[in-house]
Amino acid sequence: MKAQALWITGPFQAELREHELEIPGPDQALVVTAASGISRGTERLVFAGRVPESQWPAMRAPLQYGEFPAPVSYGYAAVGMVKAGPAHLHGRRVFCLHPHHDAFVAPAAMCVPVPDAVPDRRAVLAANMETAVNILWDARPLVGERVLVVGAGVVGLLVTYLLGRMPGLDLHVCDLDASRRSIAESFGAAFCAPENAPAERDLVIHASASADGLRLALSRCGFEGRVVEASWFGDRGVELPLGEAFHAKRLVLISTQVGHVAPAMRGRRTHGERLALALSLLADARLDALLGPETAFADLPHALGALLSPPSGAHQPLCPVVIYP
């Protein structure tokens, strides 16, 4: 069986390449892809060739083909049907941390069944939801805290969705894009522009991937507040005001990254259990607002640039979805 795969061949260049699929072994599954999601923040860095060499091992996708900077086949949000493999997976819909291929063979242990209540399109959010879960495990929010989320992209909004399920939080989300207001409000948060972001927050989660956003996060933190940095800046340096009130307010700046299970749950939850939890949390139709636009797999090489970096002033998609024949 042959498969088509999306490859990044150089900065801002992509193409589909055909390859022979291996015959699955006893611990492998053959998956025919139905949909995949594009993680705009991470995949934009890969598409632009801006993954720092020092971070190549950390940034490597679990089932990546090729090496950074290029040629590389990258991605980690594929949903499909198991056509051959272990009996407990055969004929089931699964999510797998796999690049954008129309079919693939993967370790069966990495193919996590998709709950019946979660459709294919929404299931592509599983990797982002797993990131959001890990962020909350690092952040350890408390009932009654004053919380601000800076950045209403996919990860920021999924964090908002999870926080909105906690009782007693004073929850705000700020973003430059006012079109995100209705989504934030549907998740139980108040929306505001950055200049109107409330101060004296106990917890601020930064997910805007901008230096201005991180500076705002620090400025809105109250005494002994926590700032959780959930953005990935790639090879960009960030200048921060770590003088001023940073020490006087005894602020805590916490990094979070999904490659490791957060310390709060490490040793109690495996990566697979965390991903299964993320998939179960997607059984809510409100999350469909994070999806789109849809792009046919055959058109992906030509559409990728606009999906990852739309022209200034154009609509900024949240999670583009790739649809397979």
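The values are calculated or read from the model by the stated rules, or taken from the named source; none is laboratory data. Just so it is clear, the structure is predicted and the values come from calculations on it, not from any experiment. Quick reminder, even Gly has a Cβ in these numbers, built from the backbone with ideal geometry, and neighbours come from all protein chains shown. To get the accessible areas, we keep the full protein, side chains included, count just its heavy atoms, and leave off ligands, DNA and RNA. Shrake-Rupley method; radii C 1.70, N 1.55, O 1.52, S 1.80 Å.
If you go through the range 216-232 one residue at a time, do you hit one that is assigned to a loop (DSSP other than H, G, I, E, B), on the phi > 0 side of the Ramachandran plot and modelled with pLDDT of 95 or more?
no
Restricting the search to the range 68-103, which residues are in a loop (DSSP other than H, G, I, E, B) and of a type in the set (Ser, Thr, Tyr)? Talk me through it step by step, then tell me what you get.
Step one: list which residues in the range 68-103 are in a loop (DSSP other than H, G, I, E, B), which gives 68-71, 74-77, 85-92, 97-100, 102.
Hits for the range 68-103 are Tyr74, Tyr76.
Give the range 126-141 a look and list any residue that's of a type in the set (Phe, Trp, Tyr) and surrounded by 24 or more Cβ atoms within 10 Å (Cβ to Cβ), or say none.
If we filter the range 126-141 for residues that are of a type in the set (Phe, Trp, Tyr), which is where we start, we get 137.
Across the range 126-141, there are no qualifying residues.
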- prompt: Residues in the range 129-151 that are in contact with a Cys (Cβ under 8 Å, 6 or more places away or on another chain) and more than 16 Å from His206 (Cβ to Cβ): how many?
  reply: 0
task: Kindly check whether there is at least one residue in the range 265-286 that is within 21 Å of the chain's Cα centre (by Cα), under 15 Å from Asp138 (Cβ atoms) and either of a type in the set (Asp, Glu) or in a loop (DSSP other than H, G, I, E, B) (or both).
output: yes
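May I ask you to list the residues in the range 147-168 that are in contact with a Lys or Arg (Cβ under 9 Å, 6 or more places away or on another chain), within 16 Å of Ala209 (Cα to Cα) and either open to solvent by less than 10 Å² (accessible area, probe 1.4 Å) or of a type in the set (Val, Ile, Thr) (or both)? Lay out the reasoning, then the answer.
From the range 147-168, those in contact with a Lys or Arg (Cβ under 9 Å, 6 or more places away or on another chain) are 147-148, 150, 152-154, 156-157, 161; that's our starting set.
Keeping just the survivors that are within 16 Å of Ala209 (Cα to Cα) gives 148, 150, 152-154, 156-157.
Residues satisfying the conditions are Leu148, Val150, Ala152, Val154, Gly156, Leu157.
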message: Can you find a residue that is open to solvent by 40 Å² or more (accessible area, probe 1.4 Å), part of a helix (DSSP H, G or I) and touching a helix residue (DSSP H, G or I) at 6+ places or on another chain (Cβ under 6 Å) anywhere in the range 289-304?
response: yes
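Out of the range 91-111, which residues are open to solvent by 20 Å² or more (accessible area, probe 1.4 Å), in contact with a strand residue (DSSP E or B) (Cβ under 7 Å, 6 or more places away or on another chain) and touching a residue at least 24 places away in the same chain (Cβ under 8 Å)? Working first, answer last.
First, the residues of the range 91-111 that are open to solvent by 20 Å² or more (accessible area, probe 1.4 Å): 91-93, 97, 102, 107, 109-110.
Filter once more, keeping what is in contact with a strand residue (DSSP E or B) (Cβ under 7 Å, 6 or more places away or on another chain): 91-93, 102, 107, 110.
Result: Arg93, Asp102, Pro107, Met110.
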- line: Residue count, the range 223-259, condition exposed (fewer than 11 other Cβ atoms within 10 Å of the Cβ) and either under 22 Å from the mean Cα position of the chain (by Cα) or among the β-branched types (Val, Ile, Thr) (or both), comes to 2
message: I need the full set of residues from the range 47-74 which are within 16 Å of Leu304 (Cβ to Cβ) and in contact with an Asp or Glu (Cβ under 7 Å, 6 or more places away or on another chain), in order please.
response: Arg50, Tyr74
message: Checking Gly144 against (1) small (Gly, Ala, Ser); (2) under 25 Å from Pro317 (Cβ atoms); (3) open to solvent by 10 Å² or more (accessible area, probe 1.4 Å): exactly one of these is not met. Which one?
response: (2)
- request: Among the strands (runs of 3 or more DSSP E) lying completely within the range 119-215, list those that include at least 3 residues that are of a type in the set (A, V, I, L, M, F, W, C) and over 16 Å from the mean Cα position of the chain (by Cα).
  value: 170-174, 190-192
message: Against the conditions (1) more than 15 Å from Val322 (Cβ to Cβ); (2) over 17 Å from the mean Cα position of the chain (by Cα); (3) not polar (S, T, N, Q), where does Pro62 fall short? Just the number, please.
response: (2)
